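*Asks:* Below you will find the structure I want to go over with you.
The values are calculated or read from the model by the stated rules, or taken from the named source; none is laboratory data. Since this is a predicted model, take the numbers as computed values, not measurements. Don't worry about glycine lacking a Cβ; one is built from the backbone with ideal geometry, like all the others, and counts go over all protein chains shown. What goes into the accessible areas is simple: the full protein's heavy atoms, side chains included, and nothing from ligands, DNA or RNA. Shrake-Rupley method; radii C 1.70, N 1.55, O 1.52, S 1.80 Å.
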Amino acid sequence: MAAFNKFNCFVLDVANALHDMKTGTVQVYKVYLTNTAPSASNTVYNTPTDLSTANGYTNGGTTIGTITGSQTSGTFKFIGGTDPAWTASGGSIGPFRYAVLYNFTSATKPLIGWWDYGTALTLTNGNTFTVDIDQSTGILTIT
């Protein structure tokens with residue numbers, strides 16, 4: 001499984017109430033694919049650049065579904081309800097190396113973090129790529 005990396009802006013964005021990560025939130029969180037290396041200093045959607053809409057991929061990414069957020073003994077876990085997935089249809093998707101999580105609901109579309117798959121991938125026609133969100137430990141924890 002690819003490791004999750006946090007964007008630096010996420011910490012301040014939490015303090016500024018840009019993210020509502022508790023269970024039952026009305027905010028929508030999405031994951032998009034890119035082949036541009038993220039920098040921890042990136043702050044908003046499309047930096048790094050999203051892939052173009054084509055062959056089963058839609059620019060903007062896909063939702064992680066209903067989230068759950070809970071706190072136990074001072075540690076908060078943010079867990080996505082659905083693993084985002086894309087199936088190539090009519091051609092290939094990519095190349096891409098990174099999957100980027102962001103807050104779609106907030107006006108500025110702030111970034112949260114990314115997964116690095118270590119090498120550029122191209123999803124060929126008929127094949128599916130899934131970002132595996134760990135349902136036990138969550139996407140991220142805040143301690």
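*Asks:* Can you pull the one-decimal nm distance between simple spin-label points at Thr137 and Asn35, each 7 Å off the Cα toward Cβ?
*Replies:* Result: 3.0 nm between the two label points.
*Asks:* So, for the range 1-128, what is the accessible surface per residue at a probe of 1.4 Å, expressed in square angstrom? Intermediate results must be reported in sequence, preceding the final value.
*Replies:* On the way: 6060 Å² over 128 residues.
Per-residue accessible area for the range 1-128 comes out at 47 Å².
*Asks:* Once you sort the root eigenvalues of the Cα gyration tensor of the range 11-73 as a ≥ b ≥ c, which label holds: rounded (a/c under 1.5), prolate (a/b larger than b/c) or oblate (the other case)? Spell out each step's value before the answer.
*Replies:* Numbers: a/c = 2.71, a/b = 1.51, b/c = 1.80.
Verdict is oblate for the range 11-73.
*Asks:* If you don't mind, another one. When the accessible area of the chain is computed with all protein chains present and a 1.4 Å probe, what percentage of it is carbon and sulfur? Please list the in-between numbers first.
*Replies:* Working: 3580 of 6860 Å².
Using a 1.4 Å probe with all protein chains present, the chain comes out at 52 percent carbon and sulfur.
*Asks:* Could you rank the peptides 129-137, 107-115, 32-40 by their average count of other C-beta atoms within 10 Å per residue, with the highest value first?
*Replies:* Numbers: 129-137: 14.8, 107-115: 19.3, 32-40: 17.7.
The densest-packed peptide leads the list: 107-115, 32-40, 129-137.
*Asks:* Give me the tail of P(r) for the chain as a percent: Cα-Cα pairs with distance above 19 Å.
*Replies:* Details: 4945 of 10153 pairs.
The proportion of pairs with Cα distances above 19 Å equals 49 percent.
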